[in-house]
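Quick notes on the structure that follows.
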Amino acid sequence: MPSRAPPDRFLFFAFLGLLLWIPLPFGSNVAWAWSFMEVWVFLLAGMWLVQYYRGKVALNRPFVRAWPVTVCLLATLLWIVVQVLPLPPGVLGSLSRRALEIHSSTHSYPSLSLDVHATRQAALQTLAYVSFFCLTLLLVNSERRIKQLAQTIILGGLFQASYGSLMMLSGLNYGFFIHTQGGVATGTFINRNHLAGYLEMCLATGIGLMLAELSSRNAVGWRDGARRLLRTLLGDKARVRLALVVMITGLVLTRSRMGNAAFAASLSAVGGFYLLAVRRLSGRTIAFFASLLVIDLLVVGNFFGIEKVAQRIEQTSMDSEERVSVARDALSMLRDFPLTGTGAGSFYAVYPMYTSAVVVTGFTRNAEDDYLQFACEFGLVFAAVLGAVVLVSLWTAIRAQLKRRDRLLQGMSFAATMAIVALLIHSAVDFNLQIPANAAMFVVMLALAWVCRYWDPMEAPGDRDRAHRVQGRETSERT
């Protein structure tokens with residue numbers, strides 16, 4: 001008798017559809033696109049709550065164990081709401097003397113935020129990211145769904161890399177129905193660096209899925225070896241491996257200096273840790289990482305012009321000078337608003353008051369440094385809270401690699417670790433986390449760390465047999 005479909009099946013597939021959609025319209029970095037994303041994720045969260053009220057779904061172990069992160073995210077959301085509240089002059093002056101001076105001179109809305117409209121938008125976006133985090137914990141609750149989530153992320157990266165590479169190599173240079181910057185791959189994003197940040201996370205997911213499917217057992221005889229070779233060439237692993245090659249090609253063609261550097265650095269660091277601490281120098285795993293570094297980065301990269309990325313790294317004096325100037329001005333802003341910030345999303349409105357440029361030739365919407373921008377907008381206290389969310393989730397992903405014996409959970413915790421490390425590196429010189437598509441994907445990776453660490457196969461009826469096999473493997477390895 002066939003088993004009945006889970007009551008949240010539709011919600012899960014709608015969640016996967018949202019992950020595929022959000023990168024398409026300019027990385028959802030335009031008002032209509034991020035509004036559509038917010039409505040979609042709020043509907044999913046509301047429908048899950050209705051099912052929970054009716055007793056059809058329940059809270060699971062990853063969601064319960066991730067409560068510190070959820071509380072920190074909700075506290076940050078509450079702080080953003082406080083930033084837009086009208087405050088009496090005495091209270092406002094005690095919290096931020098500089099904000100009181102600006103509001104008094106301009107006779108504007110007396111709040112901690114210097115751009116109330118942008119901060120209200122940021123509050124809705126933050127609520128959407130919190131919903132993404134919770135939905136990932138609650139909906140990704142079986143082995144099959146973990147794989148489907150990984151496959152969906154890989155599919156999104158494969159499309160972006162293929163489309164971006166095709167547009168660049170053909171010279172058509174179309175993004176999302178508009179002309180884009182020529183000579184580099186941008187996919188359907190506006191900025192090549194944001195496509196690079198997105199591909200870093202998709203590549204980490206693909207590598208993690210490959211690691212999950214690598215056998216640690218040596219072949220017994222030539223027949224066994226031949227069967228494994230055929231499965232590798234014709235099975236799911238071959239398709240994932242091909243997708244990795246295409247995504248690395250797309251990453252190289254973005255010509256993003258820090259995007260390529262962050263990918264290589266995170267792969268080397270997290271891969272080295274995985275080899276030494278998790279698989280303990282397994283021959284197949286070493287061969288896989290060697291193929292990534294040698295075949296993909298050197299052979300494929302050289303064919304598609306990785307030397308141009310190296311040339312851009314060498315020729316960074318003018319760009320570096322501009323970034324240093326923006327960072328210096330942003331630090332001046334931070335000195336005036338160290339505790340309360342200028343208001344989430346308000347950087348672009350406040351920055352012109354602090355720019356040191358004699359002649360303004362462009363419009364600076366974001367700092368070229370996510371850390372600095374979060375500190376300026378949220379204040380040091382809640383920037384530290386957000387940093388703690390990321391670091392605790394990173395530590396959880398690392399612990400999952402060490403503690404879990406299931407290869408799928410080890411592989412996907414590797415993916416979460418590598419994705420988080422890559423974005424942490426890249427965020428030092430770019431603003432990937434200000435782009436809704438990349439920020440949402442990053443939040444999903446944070447949640448995936450908790451799923452891999454605390455997911456209990458016994459909670460999913462279809463996975464109980466597998467759970468017994470995993471427990472038997474863990475027992476045999478301990479003895």
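Things worth noting here:
- Cα centroid separation, the range 146-184 to the range 323-354 (Å): 33 Å
- Computed over neighbours whose Cβ is under 9 Å from that of residue 431, the net charge equals -3, Lys and Arg +1, Asp and Glu -1.
- Residue 109 sits among other residues whose Cβ lies under 13 Å from its own Cβ, and their net charge, with Lys and Arg +1 and Asp and Glu -1, is 0.
- Separation of the range 48-126 and the range 393-460, taken as the distance between their Cα centroids, equals 25 angstrom.
- Counting only protein chain heavy atoms and rolling a 1.4 Å probe, the accessible areas of 163, 454 rank, largest first, as 163, 454.
- Calculated from backbone phi, Karplus (6.51, -1.76, 1.60) coupling profile of the range 433-443 in Hz, x at Gly/Pro: 7, 8, 9, x, 4, 6, 5, 5, 5, 5, 5
- Most tightly packed first, judged by the mean number of other beta-carbon atoms within 10 Å of their residues, the peptides 56-67, 401-412 read 401-412, 56-67.
- Under the Debye formula (equal points on every Cα, no solvent term), log10 I(q)/I(0) of the range 1-158 at q = 0.09, 0.10, 0.17 Å⁻¹: -0.42, -0.50, -1.05
- Residues whose amide H comes within less than 5 Å of that of residue 112, counting only those at least five positions distant or on another chain, are 85 (H built at 1.01 Å from N in the peptide plane).
- Other residues with beta-carbon under 11 Å from the beta-carbon of residue 373 carry, at +1 per Lys or Arg and -1 per Asp or Glu, a net charge of -4.
- Relative to the current alpha-carbon distance between residue 51 and residue 75, full extension at 0.36 nm per residue lengthens the span by 6.1 nm.
- Order of exposure, largest accessible area first, which applies to 106, 342 with probe 1.4 Å: 106, 342
- Ordered from highest to lowest accessible area with the whole protein assembly present and a 1.4 Å probe, 32, 40 read as 32, 40.
- Burial ranking of peptide ranges 207-213, 150-156, 17-23 (average Cβ count within 10 Å, highest at the top): 207-213, 150-156, 17-23
- Rough spin-label spacing in nm, given labels placed 7 Å along Cα→Cβ, for residue 238 and residue 98: 6.0 nm
The values are calculated or read from the model by the stated rules, or taken from the named source; none is laboratory data. Note that the structure is a prediction, hence the values are computed from the model and not measured. Neighbour counts are summed over all protein chains in view; Cβ atoms, including those assigned to glycine, are modelled from backbone coordinates with ideal geometry. Just so you know, the surface numbers come from the protein's heavy atoms only, side chains and all, with ligands and any DNA or RNA stripped out. Shrake-Rupley method; radii C 1.70, N 1.55, O 1.52, S 1.80 Å.
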